[in-house]
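See below for the structure under consideration.
The values are calculated or read from the model by the stated rules, or taken from the named source; none is laboratory data. Because the structure is a prediction, the values reported are computed rather than measured. As a convention, Cβ positions derive from the backbone with ideal geometry for all residues, glycine included, and neighbour counts pool all protein chains shown.
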Amino acid sequence: MSSDRLPPGASLRQKGPAFTGRPFYYNQCSRRLNRAPAQSSGEFCMRWGLLVIMGAIVFAIAGLVVLLSRVDMSAVQQPGHAEEYLRSKITRAVIRRRAAREDIPAGPADRETSMSLAEGKSVYDANCAGCHGPDGGTPASVGQGMLPAAVALDSNRIQSYSDRELFSIIREGIRFTGMPGFARTETNDQIWDVVDYLRALR
């Protein structure tokens, strides 16, 4: 006979010392097991277990909120080298993985022609120059005030992306960076025109 099972006629009060150090919900389940059918007892114990788990999750979330409330959320305070390094590495890895998995359409037949470049500049001036600057090489004041700041589009950091990756960045955007996605406002051909225009900035 298991040491945790009460002998006939015994009560939990008589065997109280054996439960010393047990969690409260364990004692509640044990009492229920001695007077309720097996199915309802199991449900009762499961509910207590879920309550304990939910309580632990709530306390963990509360602790996380307290920790995050101490983080400086200012967009003026520039990030440290470690934060900037991790952010850039993670961003590049996410973009490469996303571009490799996305169904990216082929560009139009007139890519990299004078007409494509002119259309790309027109779309750029209307949507991108406000942050990245009119020439793409010197971010505007709005872009400089972002965190992370808008980058120079003629830099090696941007030009090292593949055409597919640039297309993905423009179409889908990058969350938490200030870079919007233009999938809802520009056609795929227009986005390819912008990619061609960015290549011409090199």
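Within region 75-82, not a single residue is under 18 Å from residue 180 (Cβ atoms), hydrophobic (A, V, I, L, M, F, W, C) and in the same structural domain as residue 188 (by TED's automatic domain parsing). Among the residues making up region 166-202, a single one is under 14 Å from residue 121 (Cβ atoms) and touching a Pro at 6+ places or on another chain (Cβ under 7 Å): 192. Could you list, in sequence order, the residues of region 106-126 that are loosely packed, with under 12 Cβ neighbours inside 10 Å and part of a loop (DSSP other than H, G, I, E, B)? Those that are loosely packed, with under 12 Cβ neighbours inside 10 Å and part of a loop (DSSP other than H, G, I, E, B): 106, 109.
Within region 127-151, residues that are surrounded by 14 or more Cβ atoms within 10 Å (Cβ to Cβ) reach partners that are among the aromatic types (Phe, Trp, Tyr) and part of a loop (DSSP other than H, G, I, E, B) with beta carbons closer than 7 Å, at six or more positions or on different chains, in the pairs 127/182.
For region 83-98, indicate whether the set of residues that are more than 30 Å from residue 191 (Cα to Cα), of a type outside the set (A, V, I, L, M, F, W, C) and modelled with pLDDT of 80 or more is non-empty. Taking every residue of region 83-98 in turn, at least one turns out to be more than 30 Å from residue 191 (Cα to Cα), of a type outside the set (A, V, I, L, M, F, W, C) and modelled with pLDDT of 80 or more.
Could you tell me whether residue 102 is touching a residue at least 60 places away in the same chain (Cβ under 8 Å), closer than 20 Å to residue 165 by Cβ and surrounded by 13 or more Cβ atoms within 10 Å (Cβ to Cβ)?
Details: touching a residue at least 60 places away in the same chain (Cβ under 8 Å): yes; closer than 20 Å to residue 165 by Cβ: yes; surrounded by 13 or more Cβ atoms within 10 Å (Cβ to Cβ): yes.
The answer is yes for residue 102.
Search region 43-85 for residues being among the β-branched types (Val, Ile, Thr) and more than 18 Å from residue 149 (Cβ to Cβ), and hand back the single one that is surrounded by the fewest Cβ atoms within 10 Å (Cβ to Cβ). Of everything passing the filter in region 43-85, 71 is surrounded by the fewest Cβ atoms within 10 Å (Cβ to Cβ). Of all residues in region 102-132, those satisfying the criterion of being of a type in the set (Val, Ile, Thr) and either in contact with a Phe, Trp or Tyr (Cβ under 8 Å, 6 or more places away or on another chain) or at pLDDT 90 or above (or both) are 104, 123. Among the helices (runs of 4 or more DSSP H) confined to region 135-199, the ones with at least 1 residues that are at pLDDT 95 or above are located at 156-159, 163-172.
So, in region 92-121, how many residues would count as being within 33 Å of the chain's Cα centre (by Cα), of a type in the set (Gly, Ala, Ser) and closer than 12 Å to residue 198 by Cα? Walk me through how you get there before you give the answer.
Filtering region 92-121 for residues within 33 Å of the chain's Cα centre (by Cα) gives 92-108, 120-121.
In the following step, the residues that additionally are of a type in the set (Gly, Ala, Ser) were identified as 93, 99-100, 106-107, 120.
Next, only the ones that are closer than 12 Å to residue 198 by Cα stay: 120.
Count: 1.
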